[in-house]
Amino acid sequence: MGLIHIAPGGETFPTNPARSILNTLLAGGFPIDTVCGGRAQCGRCLIRVRSGQRFLSPRTSAEEARLAALGVDHSEPESRLACQSHARGDVEIEVVNLRGRKA
Ligand code: FES
């Protein structure tokens, strides 16, 4: 068990490896954006991982496909979809899109 740290801002949320980062943040009231509800289709839950990448689940094939559509490739391992990422230790992330804010 660890914490998801939001940067900047400093909010923290306990990790739950059975729950995606998207669902962990939403359950905690953090306004991360989603259109598809966590099905790797919208890309709105894009995050940048500042530290703790080793504590994240590997990219799924659905995540790889959506990231590629967003122009993200393997040279940017810090870019992840929160809906496809599960943390099992301390991670620090930036949330790219907040609910109600246009990209
Ligand atoms: S919530 Fe839509 S891609 Fe993650």
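If you go through segment 19-36 one residue at a time, do you hit one that is charged (D, E, K, R) and surrounded by fewer than 18 Cβ atoms within 10 Å (Cβ to Cβ)? Checked against the condition, which is being charged (D, E, K, R) and surrounded by fewer than 18 Cβ atoms within 10 Å (Cβ to Cβ), segment 19-36 yields at least one hit. When you check R54 against the structure, is it of a type in the set (K, R) and at pLDDT 95 or above, yes or no? Spelling it out, R54 is indeed of a type in the set (K, R) and at pLDDT 95 or above. Against the conditions (1) aliphatic (A, V, I, L, M); (2) within 11 Å of the ligand (Cβ to nearest atom); (3) surrounded by 14 or more Cβ atoms within 10 Å (Cβ to Cβ), V49 satisfies every one except (2).
Taking into account only those residues within segment 70-85 that are of a type in the set (G, A, S) and over 15 Å from the mean Cα position of the chain (by Cα), which is surrounded by the most Cβ atoms within 10 Å (Cβ to Cβ)? Selected residue: G71. Selection of segment 35-79 for residues being farther than 18 Å from A7 by Cα, in contact with a helix residue (DSSP H, G or I) (Cβ under 6 Å, 6 or more places away or on another chain) and of a type outside the set (A, V, I, L, M) yields G38, G43, T60, E63.
Mind checking which residues of segment 54-69 are surrounded by 12 or more Cβ atoms within 10 Å (Cβ to Cβ) and under 15 Å from the mean Cα position of the chain (by Cα)? Scanning segment 54-69 gives F55, L56, S57, R59, T60, A62, E63, E64, R66, L67. Among the residues of segment 48-77, those that are under 19 Å from F13 (Cα atoms) and part of a loop (DSSP other than H, G, I, E, B) comprise G52, S57. You will find that of R66, R54, R44, R39, the residue that is closer than 18 Å to A18 by Cα, within 14 Å of the ligand (Cβ to nearest atom) and touching a residue at least 12 places away in the same chain (Cβ under 8 Å) is R39 and no other.
What are the residues in segment 1-23 that are of a type outside the set (A, V, I, L, M, F, W, C) and either on the phi > 0 side of the Ramachandran plot or part of a loop (DSSP other than H, G, I, E, B) (or both), if any? Across segment 1-23, the qualifying residues are G2, P8, G9, G10, E11, T15, N16, P17, R19, S20.
The values are calculated or read from the model by the stated rules, or taken from the named source; none is laboratory data. Because the structure is predicted, anything quoted here is derived from the model rather than measured. Quick reminder, even Gly has a Cβ in these numbers, built from the backbone with ideal geometry, and neighbours come from all protein chains shown.
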